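Quick notes on the structure that follows.
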Amino acid sequence: MKIFADFHIHSYLSRATSQHMNLDELSRNAKLKGLNLLGTGDFTHPIWMRELKEKLEPLGDSGLFIYNGIYWMITVEVSTVYEKKGKARKIHHLIHVPSFDVADQIIDLLSKRGDLSSDGRPLFNDLSSPELVEILISIDKNILIIPSHAWTTWWSLFGAFSGFDSVEECYEDQIKHIYAIETGLSSDPPMNWRLSELDRFCLMSNSDAHSPWIWRLGREFNAFDLKEISYYEIADSVKKKDKKRFIFTVEVPPEYGKYHYTGHRNCGISLHPKEAIKLNNKCPKCGKKLTIGVLQRVEELADRPEGFVPKDAIPYKSLLPLYEIISYVMEIDQLYSKKVMEEQDKLIAKFGNELNVLLNAKRDELLRVTNTKIVDAIIKTREGKVNFIAGYDGVYGKPIFDTSKNEGLEKREFYAKKEAKSLDDFI
């Protein structure tokens with residue numbers, strides 16, 4: 001059975017999230033996207049937990065649940081803030097659990113360390129990463145703990161301003177219970193492959209969606225091919241880094257992420273790491289410290305050259321959301337556009353879901369539904385032939401589909417094996 005899963009999302013009870021982040025809207029949009037498994041997110045929040053227990057039906061003893069035609073896994077992201085070696089550490093962790101009973105035990109223990117009702121993504125002061133893992137594993141060894149968006153400048157394992165220089169430094173003796181890391185929007189597998197210490201970990205990809213719309217939900221996800229759908233099968237395939245069961249991830253090109261380049265948003269300064277280093281990481285306009293981007297952070301820690309591919313690397317595919325491809329082609333620079341939605345909806349109505357449009361629909365089939373410029377952009381995205389103005393300091397990157405506009409662009413390069421043209425090519 002093919003499973004397309006986005007495990008890292010948030011409910012309407014997390015800060016800075018859409019009020020539409022409810023089970024009905026999430027499941028509706030998951031179908032439009034082409035996903036069939038979602039993480040619940042936010043299970044430690046009492047209101048959200050009550051809704052989950054009321055609506056989710058157990059899928060036998062599989063450790064998964066079903067609602068509105070979508071499979072669900074119980075998940076939550078938590079923040080730990082503590083001092084280590086004279087530096088404040090702010091790390092986000094994604095937690096996967098196999099039952100409400102296990103979730104309730106986690107809630108009971110974590111409620112003693114912080115206020116679970118204040119935010120769907122609870123924050124714990126003076127709780128270290130190793131302590132968190134130790135608490136969780138003492139409850140159930142089947143719990144999966146994964147460092148979220150591991151490279152993001154703020155709130156991450158390798159974060160330039162709040163993280164560590166290695167996974168072991170972060171989790172210490174509890175590293176034995178860490179099997180994967182989340183790449184995040186500003187990094188992709190080739191960037192992570194440059195660190196030999198990460199070879200032992202499975203690379204996972206999720207959206208961290210704060211709204212349910214399909215240009216956010218599932219913009220990054222994980223694909224599995226399972227004989228039997230269960231929490232335990234998924235967890236085991238991650239722990240064993242099993243390419244037969246964990247078959248690929250879908251990633252947003254990292255240049256599109258908000259923290260890929262080093263820069264200073266207030267001054268409009270965006271710099272490749274080489275240029276930032278020449279400036280001693282100081283803004284050339286105001287002289288203040290630059291926000292170190294993920295690409296520079298990888299360069300600081302890498303012990304391999306660009307282009308290295310580990311033997312057991314799980315394949316990946318880079319994609320952009322269909323809505324955003326259309327909006328850039330149509331040069332409509334706004335969060336919501338009726339014209340863009342109409343064009344997106346036509347394509348989804350014809351091909352069933354967004355992933356079929358982006359990965360499977362043939363050029364001549366697409367041309368029967370939409371115009372040549374949009375079709376060209378979809379094919380370029382599929383083949384990894386899109387240029388970018390890289391994102392920096394909280395500013396999203398910008399894809400450029402017109403190759404005549406080359407000034408200030410970084411050409412997208414792929415280091416994995418030849419890119420597959422469809423889901424079937426991976427499977």
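Does E275 satisfy the condition of being in contact with a helix residue (DSSP H, G or I) (Cβ under 9 Å, 6 or more places away or on another chain) and either under 22 Å from G218 (Cα atoms) or not in a strand (DSSP E or B) (or both)? No: the conditions fail for E275.
Candidates K243, K258: the one that is at pLDDT below 95 and within 21 Å of the chain's Cα centre (by Cα) is K258.
In segment 68-105, what residues are of a type in the set (V, I, T) and buried (at least 22 other Cβ atoms within 10 Å of the Cβ)? Steps first, answer last, please.
Taking segment 68-105 and keeping what is of a type in the set (V, I, T), we get 70, 74-76, 78, 80-81, 91, 95, 97, 102.
Of everything in segment 68-105, those that are of a type in the set (V, I, T) and buried (at least 22 other Cβ atoms within 10 Å of the Cβ) turn out to be I74, T75, V76, V78, T80, I91, I95, V97.
For segment 201-247, how many residues meet the condition of being over 19 Å from Y396 (Cα atoms) and in a loop (DSSP other than H, G, I, E, B)? The number of residues fulfilling the criteria is 12. Would you be able to say whether some residue in segment 59-67 is crowded, with 21+ Cβ neighbours inside 10 Å, in contact (Cβ under 8 Å) with a residue 60 or more places away in the chain, out of contact with any His (no Cβ under 6 Å at 6 or more places or on another chain) and of a type outside the set (F, W, Y)? Looking through segment 59-67, at least one residue is crowded, with 21+ Cβ neighbours inside 10 Å, in contact (Cβ under 8 Å) with a residue 60 or more places away in the chain, out of contact with any His (no Cβ under 6 Å at 6 or more places or on another chain) and of a type outside the set (F, W, Y).
Which of the residues that make up segment 14-47 are in contact with a His (Cβ under 8 Å, 6 or more places away or on another chain), crowded, with 23+ Cβ neighbours inside 10 Å and part of a loop (DSSP other than H, G, I, E, B)? Walk me through how you get there before you give the answer.
Taking segment 14-47 and keeping what is in contact with a His (Cβ under 8 Å, 6 or more places away or on another chain), we get 14, 16-18, 21, 39, 41-42.
From what is left, the residues that are crowded, with 23+ Cβ neighbours inside 10 Å are 21, 39, 41-42.
Of everything in segment 14-47, those that are in contact with a His (Cβ under 8 Å, 6 or more places away or on another chain), crowded, with 23+ Cβ neighbours inside 10 Å and part of a loop (DSSP other than H, G, I, E, B) turn out to be M21, G41, D42.
Within the bounds of segment 282-295, is there any residue that is surrounded by fewer than 21 Cβ atoms within 10 Å (Cβ to Cβ), modelled with pLDDT of 95 or more and among the aliphatic types (A, V, I, L, M)? Checked against the condition, which is being surrounded by fewer than 21 Cβ atoms within 10 Å (Cβ to Cβ), modelled with pLDDT of 95 or more and among the aliphatic types (A, V, I, L, M), segment 282-295 yields no hits at all. For segment 130-154, what are the residues that are under 20 Å from V294 (Cβ atoms) and buried (at least 21 other Cβ atoms within 10 Å of the Cβ)? Passing the criteria: I146, P147, S148, H149, A150, W151, T152, T153.
Please note which helices (runs of 4 or more DSSP H) are completely contained in segment 72-172 and include at least 1 residues that are among the aromatic types (F, W, Y) and touching a residue at least 60 places away in the same chain (Cβ under 8 Å). Step through it out loud before you land on a result.
On the way: elements: 100-110, 129-139, 167-171.
Where helices (runs of 4 or more DSSP H) fall fully within segment 72-172, none carries at least 1 residues being among the aromatic types (F, W, Y) and touching a residue at least 60 places away in the same chain (Cβ under 8 Å).
Over 23 Å from F161 (Cα atoms), crowded, with 16+ Cβ neighbours inside 10 Å, of a type in the set (D, E, K, R) and out of contact with any Leu (no Cβ under 9 Å at 6 or more places or on another chain), is that true of E342? No, not satisfied. With respect to the stated conditions, G60 fails to be closer than 20 Å to I3 by Cβ and under 18 Å from the mean Cα position of the chain (by Cα).
Against the test of being free of Cβ contacts under 8 Å to residues at least 12 places away in the same chain, farther than 30 Å from K33 by Cβ and part of a loop (DSSP other than H, G, I, E, B), the options K285, K311 yield a single qualifying residue, K311. Of all residues in segment 388-403, those that are within 13 Å of K258 (Cβ to Cβ) and β-branched (V, I, T) total 2.
Could you go through segment 162-185 and let me know if any residue there is of a type in the set (F, W, Y), over 26 Å from D236 (Cα atoms), touching a Leu at 6+ places or on another chain (Cβ under 7 Å) and surrounded by fewer than 24 Cβ atoms within 10 Å (Cβ to Cβ). Yes: one or more hits. Check segment 318-331 and report whether any residue there is more than 22 Å from the chain's Cα centre (by Cα), under 28 Å from D165 (Cβ atoms) and free of Cβ contacts under 8 Å to residues at least 40 places away in the same chain. No, there is no match, as no residue in segment 318-331 is more than 22 Å from the chain's Cα centre (by Cα), under 28 Å from D165 (Cβ atoms) and free of Cβ contacts under 8 Å to residues at least 40 places away in the same chain.
The values are calculated or read from the model by the stated rules, or taken from the named source; none is laboratory data. Keep in mind it's a predicted model, so treat the numbers as computed, not measured. No Cβ is skipped: glycine too gets one built from the backbone with ideal geometry, and neighbour counts run over all protein chains shown.
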